[in-house]
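Novice: My structure is below; once you've seen it, I'll send some questions.
None of the figures in this text is laboratory data; all of them are computed from the coordinates on show. Computed from a prediction, not measured in an experiment: that's the story for all the values here. Counting neighbours? That spans all protein chains shown, and the Cβs are built from the backbone with ideal geometry, glycine included.
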Amino acid sequence: MPDFEFTDPAGKKATLANFAGRPLLVNLWATFCGPCITEMPQLDGLSATYAKDGLQVVTISQDSAGADKVTAFFAKHPFKSLHPWMDSDNNFGFHYATGLLPTSVLYSADGREIARITGAMDWNSKDAQNVIEEAINGG
């Protein structure tokens, strides 16, 4: 897993290591990305559904305009499980080198990459459930 810092709108810093020890879905998104916006409610539901199984969903905005856009987006869409993390320097986007948003990377509890999805995903689909359950069950 990359060790870049990302922040929330209040400036609280974190790295993916803060989420270690449990399966982790990292989703890179942006407020200007239509498919990203479509995925966000699904990711919020996914996070709530699989929380009992230990899955953590971390959505990291790649907006370079700063916290204002992300804060406004989260104010307009009151998600129950997602937190507004930001990587305005796009370190994660460059690291994953997909060139597309959204990009999602699923890690097992021991930090192994299980899957990398470039572009939009139907997180309610059977394929999504299968890959999430693979991560939960140890890959």
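Novice: Kindly provide the helix-only [θ] at 222 nm of the chain, computed as the sum of -39,500 (n - 2.57) over DSSP H runs of four or more divided by all residues, to the nearest 500 deg cm²/dmol?
Specialist: Value at 222 nm, helices only, nearest 500: -9500 deg cm²/dmol.
Novice: Please report the antiparallel percentage of the DSSP beta bridges confined to the chain, to the nearest 5.
Specialist: The antiparallel proportion sits near 60 percent.
Novice: Assigning unit charges at the beta carbon (Lys, Arg +1; Asp, Glu -1) and nothing else, what dipole magnitude in debye, to the nearest 20, does the chain show about its Cα centre?
Specialist: Using only the charged Cβ atoms, the result is roughly 240 debye.
Novice: Here is a further query. So how far, in whole Å, is the C-alpha centre of the range 114-137 from the one of the range 77-95?
Specialist: 19 Å
Novice: To the nearest 10 degrees, how steep is helix 34-50 against the longest Cα principal axis of the chain, on a 0 to 90 scale?
Specialist: Helix 34-50 sits roughly 50 degrees off the main axis of the chain.
Novice: Another question about this same structure. Taking the chain as the reference, fit the longest principal axis to its C-alpha atoms, fit the long axis of helix 67-76 to the helix C-alpha atoms, and give the angle between the two in degrees, 0 to 90, nearest 10.
Specialist: It works out to around 70 degrees.
Novice: Still on this structure, I have one more. Quick check on the range 1-65: take the gyration tensor over C-alpha atoms, sort the square-rooted eigenvalues as a ≥ b ≥ c, and tell me if it's rounded (a/c under 1.5), prolate or oblate. Present the calculation step by step, with values, prior to reporting the outcome.
Specialist: Working: a/c = 2.08, a/b = 1.08, b/c = 1.92.
Here the range 1-65 falls in the oblate category.
Novice: Count of lysine pairs in the chain with Cα atoms under 27 Å apart, counting only pairs 8 or more residues apart in sequence or on different chains?
Specialist: 13
Novice: Identify the trypsin sites (Lys or Arg not before Pro) of the range 54-139 meeting these criteria: DSSP loop state and at most 13 other C-beta atoms within 10 Å of the C-beta.
Specialist: Details: sites: LYS69, LYS76, LYS80, ARG112, ARG116, LYS126; in loops: LYS80, ARG112.
Filter output for the range 54-139: LYS80, ARG112.
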